[in-house]
Structures are given as structure tokens and as C-alpha cells.
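The values are calculated or read from the model by the stated rules, or taken from the named source; none is laboratory data. As the structure is a computational prediction, the values presented were derived from the model and not from experiment. Positions of Cβ are backbone-derived with ideal geometry, glycine not excepted, and every protein chain shown enters the neighbour counts.
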Amino acid sequence: MKKIFAILAVLLAVVALMCSCTKTGKVIPEREPEGLPPIVEVEPVSLSLTFVLPEGGLKTAWVEGDQIVVHGEYAKDQVTVTLAAADITDGGKKATKTVDGLKPYVREDCESNLYASWPAELTSNPDHCFFYSGFSTTNALLMVACNDADNQFAFRELTTPIAFKVDGQYDTYAFTGRKDASVGYEYIQAKLTNSEFIVDQYHKSPLVTVGGKIAGGAQADQQVFIPIGMEMPSGFDLKLYINGEAKKVYTVKTETKAEQGKVVDLGDITSKLKDYVQAIDVTAAEALAEGTGANSYIVTKPGVYKFPTLKGNSNKSVGAVESTKVLWETWCNGDAVEEGSLICNTMYEGGQFYIEVPAPFHTGNALVAALDENENILWSWHIWMPETMPTTGDYGYTSGCQIMSRNLGALIDTQPGAVADSRSFGLLYQWGRKDPFIGAKAAGEAESATFAGEAMTLHTGQMTQDQGSDETEETAANPTAFIAEPALDWNTVDDREAWGDQERSNKKTIYDPCPKGYRVAGRKRALFFEPDKNAAVAATFVANMDKYYYQIGNPASTLPLCGYINPDGTYQVGDVIVWNTHMDHDTVNLTYSMLISGGILSKGQTCRSIAGSVRCETYDE
């Protein structure tokens, strides 16, 4: 028993450590990995240290006031060394100084036991250093070193510059990797011992764009520093600013690499600059999401908005974006839609997708897409522009699950007593797909609401013959293609990968069509998807067939009999199918839904090629 408690104590200690050492986003162990010699505690010592600049390096001489951080095992014991003029010798190549308070990192498997970082003001070490050196930026000349037997530190560079000259009154620049290529990091950690050098041992937050100040004076040398080993396969854009406004741009479309000891010298770029025409004033952009994203965004007023070019709620990039466009816009009724009335402009820059919503604000729905250089769709996002914001409620369901007051894409709530307004219908979704199709134009009319842009196309058969997630990826690349497949299910993807069956995997997936903070409602947690099991809620069901709405729940939720799209692509009116996340694993090609047909409420086992309504429930991201 004592042995068991001892093991538990060790495990708890490890867990506690893992929770405490997270400054850089990576757990750094208290002790070395099992099998290596144990750490030996040492008393502080005074040593004469010599710092040597790399031969032919970018920093040509030490100068008075230069500061170097030296550490052993612990960051708390690191020492900042400030060089005086008397310390510098050999034409500035060396500096020797006696340093107090050093605690060498004693190891039997490594000769080096002290580690150095320059410049000190950019050094950002975690709680436990070992032989790691961390920096708070990469857009600067960074150097690291370890000591040898004579306590001499031969520095090595972690970054190398892209150099240029330019005439003009520019004050700042922005350097951006084309097609989402990273050009730097918010934090970088290097590993250096006498036997191993790893430039990028660990990094945090890759950056698509880095910026800085333009050095004053005509023909002054300008330098953008890039971590060694970083590649930009499609080149980069270098924008030049005056008082915060981009004026000129210099573009390189060929592969560019940051290599040890090599400077990428662009020379004088003045004559090669082009006017920078910014389609959207990105400085006015309002962020719609931070960190992770969604496949649907709610916008309620004019302005410029941005969202990350990520796949759904993941941190996965959609790929190399070259351009953007609006695929379609609809006002969700029969009125002639004016192109650009919902989104008048789009653009992509630095990992962000921008849209401009014109004034006066017009309600509706739109689908916008990011494209590659061959104009293939990489991903698309639904922009939901309602007249009023949806609310949530549990409508008397015992789980207390909070459900939206309307279907996904509805511009208003359905009002009892009047014929259901088509603006309350919402959009329609084939089961498991993230992209919507336009709903019916009016109650009782079996055709699409009017729209501007690309029409829905019919694709007969499965999108791909491959089994698995490729089908979902293919539909993501073809968001306006309706899989017209009466006999077969368009999608053989496991429901945990499609909409995330809550009975098997309670996680929102990258294909979930709901906005941030919501997900497609589940079979058991939603309020009425199985009326045979939720008898109390089902008993509240009332259908008004003449006015195309139904009510259910206590208090009652009023929703439209908005119809759906049949597997052959035709519209069905007067009925409704409401999807949930659960796939019927016992019946091929069918899944569960709430079905209302002829005024009768029932549980449907429905072909997944039908495009039905979606209700969203709240979700803790």
C-alpha cells in the first residue's frame, strides 16, 4: 500500500508541475527525462566569461552597454551581463568579464553548463531553462551560445535578414508571407549545447505578418529578420506605410528561404514599388472571432468585419488563399436581390478574411469563399444578417438545454397568428454539411427564394468514390453543389466527424454550421427530436397548416412549416424536417430527424441527401 501511495505522490507532483510551467505554452520538466544523470545542486560561483561573435556575422562588434543573459539550470538564477568598454577586445569581436552569481547546469552527458542569449531585452526564458534560450520576438537579430571548457561562448545566429533600401517618407513596414506562409513567431525557443543546435526547439503563435519601423534617411539599410530555416514557397509582400496608411507594395512571388549566414538582399526597391490599393480599410475592421472560428457569423450593422481563414472551429488553416468572393446573397423572399446589397466587398490579408457590409444595412444571408490561385474554393463561410437577434430557451424540456428561438439563417422569429413569413424560414442543410442552401421564397411556394450570385447545381451520385472524410472535404470545396442522390447517402462519414453525434462524441466539429457559441442540437439534449421519448413536450405540439407554422414546448416555440429540398433537388412545401446530430447506425443511408408532414409530428428516419432545417443549441467553446 505504501508503494501505491508513493507512486500516487509522484504522479500528483508531475501533474502539479505541468499545470505550473506554462508561460510559453509548453511544459518544461522539472528534471531531465528518465535515464539521464540527475541534476546536481551547485552553489553560486564567480567565473571569467568570454563572449565571441560569429565570424562574418551580422553583429560586427560588441559595444559598451551591450547586455547578455547567462543562465544555468533555472531562469530565476539567470544573470544579465552588461559590457563595459574595458571588457571588449580583438576589434570588438570578443568581450571578457568576471560574472558573479552563476549557477552552472551540471551534467555528465554534456560539457557545456552555461548558456547565453543576446539581446537581453528580447530574452524571455520560461521558469526552467536547462539548455534552452527563449525570445519574445523573431523580427530582430537573435544570438545564442553555450560555454566550452574555457568558459568561452561562441555565439550563433537564430535569425537572418531580408534587407532592402528605399527612398521616400515611409515610416513603417509590414512584411507578409504570401498564401499564409509564416514569417516569424511571437515567441521562439532554441536549444544549444556543445553537441547540438536546434534553432526552433519550440515556438508559439506563428505570424503571417511582422512589422517594424523604417530607419530614417535616404538609402538607409532596412532589415526584416526571419528565423533560420523558415520558408516562404510563394514569396512575400512588403507594404510601406505613411502615418498608418499603406501607400506602396513590393511583391516577390518566388520561393524565399531564410538560411544560416545568408542575407536575402533585395537592393534598392524604390523603382519596383507599386501603388497599394486596399479594397477594404482593414484598420476599421471589427473582429468577429478570436482564436478559433466558426462556419457561420452573425452581422447586425454596416461596417468592416474580419474572421480567421480557419476550418470551422479549428485552428487548421484553409490553405493558400489567393482571392475571395461572395458566392451568393439572398433576402430570403421573392424580391429581386441587388448584388452587393449585403456584402459589397471582400478581401484577404494576413490570415484574415475581410468583408464590408454597406449602409444602409439590409437583412439576409450570404455565402463567402476563399479561393486558391486556380480559383478553387478552399472554404466558405455563411454570413447571417438577421433583423433581430435570435434568443434561446429550454421551452420546458427537462434537460434544460438552451435552443435557438428560430432555425439557422432565419432573419426573424415566426409570429403566431399570421401566415409564416419566409424571412423566418431559415436556410436548408444536407445532413452533415457545413454550407447552406437557400430556403423557399414564400409559404406554400415550392421554389427557392430569389438571390444574386451562383445558383445551386445538382450533382448526381456521391461527390467522390473514396470512403471517409474526403467526401466532406469535397462538399466543402463545392458548397453550391446539391448532392442529388435519392437512392444513396451522399456521405459515409462517421457522424462524429460530420456534426459530432453528442451520444458518441460531445464535441463540435469543423463541419458544424452553427455560429460561435452554438452547435447543431443533439437527439437527446434537444427539445423535441424524439416525440415518442419526449411525450410531455410532444403533447404540446399544435400545427396551423393554413398559416404554415407549428408550436411546441412550454412556453411555446413558434416555428415555420418551411419545407425542405428533396433528394432530387426539388422543393417540398408545407412540411418540415429538422435535423439533429445523431446518425441512425441501424439503417443504411438514413438518420434521425424531427418530421412534420400533413400536420403530424413524428420521428423521421430520413435520407441524408434531403436538405432540412437546423436548430442550434448553446455550446461552451
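A few notes on this one:
- Inside the range 303-345, residues that are in a loop (DSSP other than H, G, I, E, B) and at negative phi make up a count of 22.
- Those residues of the range 170-222 which are closer than 25 Å to Gly134 by Cα, loosely packed, with under 15 Cβ neighbours inside 10 Å and either among the hydrophobic types (A, V, I, L, M, F, W, C) or more than 25 Å from the chain's Cα centre (by Cα) (or both), in sequence order: Ser195, Glu196, Ile198, Lys213
- Residue identified as in a strand (DSSP E or B), without any contact (Cβ under 8 Å) to a residue 60 or more places away in the chain and crowded, with 16+ Cβ neighbours inside 10 Å among Leu601, Leu595, Leu559: Leu595
- Pairs with Cβ under 8 Å, 6+ apart, first in the range 68-86 and farther than 15 Å from Phe51 by Cβ, second acidic (Asp, Glu) and at pLDDT below 95: Tyr74/Asp127; Ala75/Asp127; Lys76/Asp127
- For the range 110-141, the set of residues classified as charged (D, E, K, R) and at pLDDT below 95 consists of Glu111, Asp127, listed by residue number.
- Looking across the range 321-351 at every residue that is touching a Ser or Thr at 6+ places or on another chain (Cβ under 7 Å) and more than 22 Å from Pro515 (Cα to Cα), the one that is surrounded by the most Cβ atoms within 10 Å (Cβ to Cβ) is identified as Val321.
- Residue list for the range 91-125, restricted to those being farther than 25 Å from Lys204 by Cα and in contact with a Cys (Cβ under 7 Å, 6 or more places away or on another chain): Ser112
- If you filter the range 443-470 down to residues that are surrounded by 18 or more Cβ atoms within 10 Å (Cβ to Cβ), of a type in the set (Gly, Ala, Ser) and in a loop (DSSP other than H, G, I, E, B), you find that the one that is modelled with the lowest pLDDT is Ala443.
- Residue count for the range 509-540 satisfying the condition of being modelled with pLDDT under 85 and part of a loop (DSSP other than H, G, I, E, B): 13.
- Between Ile298, Ile269, Ile280, the distinction of being surrounded by 18 or more Cβ atoms within 10 Å (Cβ to Cβ), β-branched (Val, Ile, Thr) and in contact (Cβ under 8 Å) with a residue 24 or more places away in the chain belongs to Ile280 only.
- Residues of the range 373-389 that turn out to be in contact with a Leu (Cβ under 9 Å, 6 or more places away or on another chain) and in contact (Cβ under 8 Å) with a residue 60 or more places away in the chain, as a count: 10
- Tally, over the range 224-239, of residues that are modelled with pLDDT of 95 or more and either under 14 Å from Val166 (Cβ atoms) or over 27 Å from the mean Cα position of the chain (by Cα) (or both): 2
- Criterion (modelled with pLDDT under 85 and either crowded, with 21+ Cβ neighbours inside 10 Å or not hydroxyl-bearing (Ser, Thr, Tyr) (or both)) met by exactly one of Asp546, Asp568, Asp584: Asp584
- Among the residues making up the range 355-365, a single one is closer than 18 Å to Ile280 by Cα and out of contact with any Pro (no Cβ under 9 Å at 6 or more places or on another chain): Ile355.
- Candidates Asp150, Asp167 - the one that is surrounded by fewer than 18 Cβ atoms within 10 Å (Cβ to Cβ), of a type outside the set (S, T, N, Q), outside any strand (DSSP E or B) and modelled with pLDDT of 95 or more: Asp150
- Some residue of the range 192-200 being among the small types (Gly, Ala, Ser), in contact with a Phe, Trp or Tyr (Cβ under 8 Å, 6 or more places away or on another chain) and in the same structural domain as Leu266 (by TED's automatic domain parsing): no
- Of the residues Gly334, Gly350, Gly364, the single one that is in contact with a helix residue (DSSP H, G or I) (Cβ under 8 Å, 6 or more places away or on another chain), in the same structural domain as Tyr305 (by TED's automatic domain parsing) and touching a residue at least 40 places away in the same chain (Cβ under 8 Å) is Gly334.
- Residues of the range 224-266 satisfying the condition of being part of a loop (DSSP other than H, G, I, E, B), in contact with an Asp or Glu (Cβ under 7 Å, 6 or more places away or on another chain) and either crowded, with 19+ Cβ neighbours inside 10 Å or hydrophobic (A, V, I, L, M, F, W, C) (or both): Ile228
- Verdict on Thr414 being among the polar types (S, T, N, Q) and at pLDDT 95 or above: yes
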